[in-house]
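Here is the structure we will look at, set down as C-alpha cells.
Just so it is clear, none of the values below were taken in a lab; they were calculated from the coordinates. The structure displayed is predicted, hence computed values, not measured ones. Neighbour counts are summed over all protein chains in view; Cβ atoms, including those assigned to glycine, are modelled from backbone coordinates with ideal geometry.
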Amino acid sequence: MHELSITRNIVSIVAGEAAGRPVKRVHLTIGRLSGVDVAAIAFCFPLVAEGTAVAGAELVVHRVEGRGRCEGCRKELPLDELVGVCPCERREPMAITAGEELLVRSMEL
Ligand SMILES: [Zn+2]
C-alpha cells in the first residue's frame with residue numbers, strides 16, 4: 001500500500017525533526033493532483049506514529065487545488081485531472097503548475 005510507505009516517511013521526517021520532543025500537530029500539504037489518498041494517510045497516521053515522538057499528534061491536511069498552464073495561449077487554469085486541455089483547443093496537455101505537492105508543511109510541539 002503506497003499510502004502506508006508515504007505515512008512512514010512523513011512520521012520519520014517529523015520524528016527526526018522533533019528529536020524526542022512530543023509532537024502535538026502535524027500539518028501536511030497534499031495537492032489534489034498528487035494521486036495520494038488523504039483518507040488512507042489519515043487512517044495510517046496514528047498506527048505508524050504509535051511508539052514514536054509523533055504518537056497522539058493531530059494530523060491537519062491542507063489541500064492544494066490543481067492548476068495548469070497552457071503552452072499555447074499561456075493561460076493558467078484550474079485543473080481537476082492530471083491531463084487537461086485548454087479551451088483554446090491546443091492539443092497538448094497543459095503543464096501542471098500546482099496540485100502535485102506532498103509536503104510536511106509544519107509541526108507543532
Ligand atoms: Zn490555451
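Within the range 6-109, which strands (runs of 3 or more DSSP E) (wholly inside it) include 1 or more residues that are away from the ligand (no atom under 16 Å from the Cβ) and out of contact with any Asp or Glu (no Cβ under 6 Å at 6 or more places or on another chain)?
25-31, 58-64, 95-98, 102-108
In the range 29-70, how many residues are within 30 Å of C86 (Cβ to Cβ) and either under 19 Å from the mean Cα position of the chain (by Cα) or touching a residue at least 40 places away in the same chain (Cβ under 8 Å) (or both)?
Number satisfying all stated conditions: 18.
Take G68 and tell me if it is at negative phi, of a type in the set (G, A, S) and surrounded by 13 or more Cβ atoms within 10 Å (Cβ to Cβ).
For G68, the condition - at negative phi, of a type in the set (G, A, S) and surrounded by 13 or more Cβ atoms within 10 Å (Cβ to Cβ) - is met.
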